1. Sort HIS238, HIS289, HIS280 so the one with the fewest other Cβ atoms within 10 Å of its own Cβ comes first.
2. Order the peptides 337-346, 351-360, 153-162 from the highest to the lowest mean number of other Cβ atoms within 10 Å of their residues.
3. Percent antiparallel among DSSP beta bridges with both residues in the chain, to the nearest 5?
4. Among SER131, SER262, SER111, rank each residue by its count of other Cβ atoms within 10 Å, from fewest to most, as a rough exposure measure.
5. Where Rh is the Kirkwood radius over the Cα pairs of segment 45-196, the temperature 10 °C and the viscosity 1.306 mPa s, what D in µm²/s does Stokes-Einstein return?
6. How charged is the neighbourhood of ASN239? Take every other residue with its Cβ under 9 Å from the Cβ of ASN239, and add Lys/Arg as +1 and Asp/Glu as -1.
7. Among all the lysines, which ones have a C-alpha under 30 Å from LYS330's C-alpha, if same-chain residues fewer than 8 places away are not counted?
8. Would you mind counting up the charge near CYS288? Only other residues with Cβ under 11 Å from its Cβ, with Lys and Arg at +1 and Asp and Glu at -1.
Amino acid sequence: MIDVPDRITRWFTAMAEADARVGQEVALDNMRRLRWLIPLFLALNLLLLAGFALGTSPVAPVRQDWWRAVVQVYIGTVAYLVLVLLVTWRVVRRTQVDGAVRALQFVAPLSFLIFSIVLTSLDQWVTPNISPYLLGCMSVSLLFLLPPATTAWLFAIGYALFFAGMGLTQSDPAVLLSNRANGFGAALLGLVLSLGLWRRNTQYLLLQRELTARNATLEKQQDELVWLATRDALTGLHNRREFMRLAEQELKRAQRHADFTSAIVIDLDYFKTINDRYGHPAGDKVLCHVGQGLLDGVRTTDLVARIGGEEFMVLLPRTDIDAAAALANKLRLQLNQAPIPVGGDLQITVTASFGVGCLPGGADGAVASLYAAADKALYDAKRLGRDRVERTEPDATLTPSDFQRMRR
């Protein structure tokens with residue numbers, strides 16, 4: 001059997017939790033709304049005050065009393081609005097909800113209701129309608145977003161004041177009963193409208209937050225996918241595919257500006273022995289250490305990639321063969337002089353062979369030609385004893401197949 005009271009309790013608890021999640025944001029939004037709402041209401045009161053003050057005063061004594069009272073209400077309201085506007089300008093700068101914000105959020109709409117109640121009460125001297133109070137209830141509901149508890153107290157206090165005010169100025173019992181009943185309907189309508197707008201706004205804000213969070217998650221996942229597609233998972237360097245793509249772009253730029261472009265291919269010496277002797281985890285640490293050392297040893301404009309196994313490659317924009325060879329030798333010496341910790345107190349020294357290739361400034365070459373030149377130099381370094389730097393002199397006429405024949 002369904003436990004109705006329990007379901008109702010859970011429903012109210014869920015609503016209260018949702019209201020608490022958006023309460024601060026809505027309160028600050030109400031303060032920002034007051035910043036333009038009060039000047040607008042002030043201008044409207046000044047316009048109405050001018051209309052009453054410049055208009056012809058009624059002849060009948062009762063109507064004269066009504067006219068003077070209404071003018072005094074408008075004058076008092078203008079003065080009150082100026083005071084509230086000064087307070088609002090100070091409070092609206094706050095980024096956190098405090099006592100002043102909560103008080104102003106309640107006092108401002110209550111003031112709207114009191115103003116409409118006073119006008120309605122005074123109007124009973126000349127007309128039995130309660131239009132100002134009805135407009136006040138609707139205006140408060142539409143212009144302010146208030147939590148349910150605040151709304152309930154607001155309209156309860158407002159109707160109590162309306163009930164009392166009607167008794168002060170309306171002497172006809174039948175009209176008094178009718179106005180109080182109609183006033184209760186206006187208050188109830190305002191309450192229902194305010195609660196409906198609050199619930200709709202709460203759902204909108206929570207949905208917007210959820211969409212923002214999901215978009216942030218999707219963007220993060222997209223960034224991770226891009227990283228996985230363009231980076232080597234072990235070292236974090238560019239992978240072979242991304243390196244070739246970026247290198248192609250750089251060579252096109254170098255061709256337009258007639259710049260030299262060099263490349264260094266690095267291959268660790270006897271890396272299989274490291275894996276066999278110390279294990280693959282130690283080999284992974286060596287690869288990461290070498291990759292980071294290459295990044296630290298080159299310029300931020302240079303590209304560093306792990307292009308496979310224990311082989312790395314560095315692209316050097318605007319660098320001729322001599323500067324590239326000098327950098328390769330510096331990197332080689334740094335690697336020799338920095339033992340790599342692979343576990344506990346164990347440190348091993350790693351050497352590498354370096355091949356340097358270069359494309360002349362303005363040459364119509366491709367990455368394949370530059371890579372083949374550096375790879376041919378690397379082959380020479382391996383053949384001549386390893387742990388050394390060799391270079392292939394720039395020659396824009398050579399193709400990758402030419403370098404393969406030179407190897408053989």
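1. The fewest-first ordering by Cβ neighbours comes to HIS280, HIS289, HIS238.
2. Peptide ranking by packing, descending: 351-360, 153-162, 337-346.
3. In the chain, DSSP labels about 85 percent of beta bridges as antiparallel.
4. SER131, SER111, SER262
5. Result for D is 96 µm²/s.
6. +2
7. Within reach: LYS252, LYS272, LYS285, LYS376, LYS382.
8. My count for the surroundings of CYS288 gives 0.
Coordinate-derived values only; no laboratory data. On a predicted model such as this, the values are computed, not experimentally measured, just so you know. Glycine also receives a Cβ, built like all others from the backbone with ideal geometry; neighbour counts cover every protein chain displayed.
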